[in-house]
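Colleague: Below is a structure I'd like to ask you about.
The values are calculated or read from the model by the stated rules, or taken from the named source; none is laboratory data. Keep in mind it's a predicted model, so treat the numbers as computed, not measured. Cβ placement follows ideal geometry from the backbone for every residue including glycine, while neighbour counts extend to all protein chains displayed.
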Amino acid sequence: MPVFVGDLPVTRPERSRTREMPMTFAPDHDTPIPYMQRTRDYYLKLGYDNPYRWAHFTDAPFTPLARPLAETRLALITTAAPYQPDVGDQGPGARYNAAAKFYEVYSNSTDSVPDLRISHVGYDRKHTTAEDPNTWFPLTRLHEAVKAGRLGALTPRFHGAPTNRSHRVTTETDAPELLRRCREDAADAVLLVPS
């Protein structure tokens, strides 16, 4: 039975028929960064009656590329915010700054790298400095990939996805608007880089 996201059909990749490699356990000290629990704890400290509930689905849509990456037109979506000098520290390692949030989808040209910042509650300030913007907004690296012939093209705009922590607003407002803009830009694929 076909699966649809909006009105787009989604297919699943066939199971690999290659020989499976044995899996080994990671060492005890190699654990994921507990950002989900940290966010839940943060919401409880803010006085909400229940911890934040992460969006969690039993299946994830997947559509294989219709053409090789070297022929693909890619859209970039980020959760990084445009820099607002009047709302406090937003530089690398800055504390969470709710005043720097944005609440509507935005778009900007991919011709040059804009001044975007991250001061989200969810990123891990203990294990990263966030000093290299290419780790959370890889526009420069994508331009290099186009120039090297590894990527066909970038769309003329990148898009900002708000992190409003509302499942309803994300699924009913922001995601459809992002999809509309990516279609308007004739994107073949999208790279979503949350920060």
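Colleague: Hey, can you tell me all the residues within segment 31-77 that are aromatic (Phe, Trp, Tyr) and touching a residue at least 40 places away in the same chain (Cβ under 8 Å)? Don't jump to the end; show me each part of the working.
Modeller: So the first thing to find is which residues in segment 31-77 are aromatic (Phe, Trp, Tyr), and the list is 35, 42-43, 48, 52, 54, 57, 62.
Selection gives TYR35, TYR42, TYR52, PHE62.
Colleague: Now for a different question. Any idea which of PRO34, PRO51 is in contact with a Leu (Cβ under 6 Å, 6 or more places away or on another chain), over 26 Å from VAL146 (Cβ atoms) and surrounded by 10 or more Cβ atoms within 10 Å (Cβ to Cβ)?
Modeller: PRO51
Colleague: Can you name the residue in segment 97-113 that is loosely packed, with under 14 Cβ neighbours inside 10 Å and of a type outside the set (Gly, Ala, Ser) and is also farthest from ALA189 (Cα to Cα) among such residues?
Modeller: Only one residue tops the list, namely TYR103.
Colleague: Across segment 148-178, what is the number of residues that are surrounded by 18 or more Cβ atoms within 10 Å (Cβ to Cβ) and within 16 Å of the chain's Cα centre (by Cα)?
Modeller: Count: 9.
Colleague: Could you list all residues from segment 158-174 that are in a loop (DSSP other than H, G, I, E, B) and free of Cβ contacts under 8 Å to residues at least 12 places away in the same chain?
Modeller: Going through segment 158-174, the residues in a loop (DSSP other than H, G, I, E, B) turn out to be 161-166.
Correct list: SER166 only.
Colleague: Six or more apart or on different chains, Cβ atoms under 8 Å: show the pairs whose first residue is in segment 145-157 and at pLDDT below 95 and whose second is surrounded by 14 or more Cβ atoms within 10 Å (Cβ to Cβ).
Modeller: From residues that are at pLDDT below 95, there are no pairs.
Colleague: Hey, could you check segment 91-125 for residues that are polar (S, T, N, Q) and at pLDDT below 75 and say which is farthest from PRO194 (Cα to Cα)?
Modeller: Taking segment 91-125 as the starting set, the residues that turn out to be polar (S, T, N, Q) are 97, 107-110, 112, 119.
Narrowing the set further to residues that are at pLDDT below 75 leaves 97, 119.
Values: ASN97: 16, SER119: 12 Å.
Taking the candidates together, the pick is ASN97.
Colleague: In addition: Against the condition in contact with a Phe, Trp or Tyr (Cβ under 6 Å, 6 or more places away or on another chain) and either within 20 Å of VAL190 (Cβ to Cβ) or among the hydrophobic types (A, V, I, L, M, F, W, C) (or both), how does LEU65 come out, does it pass? Lay out the reasoning, then the answer.
Modeller: On the way: in contact with a Phe, Trp or Tyr (Cβ under 6 Å, 6 or more places away or on another chain): no; either within 20 Å of VAL190 (Cβ to Cβ) or among the hydrophobic types (A, V, I, L, M, F, W, C) (or both): yes.
Here the answer is no, as LEU65 does not meet what is asked.
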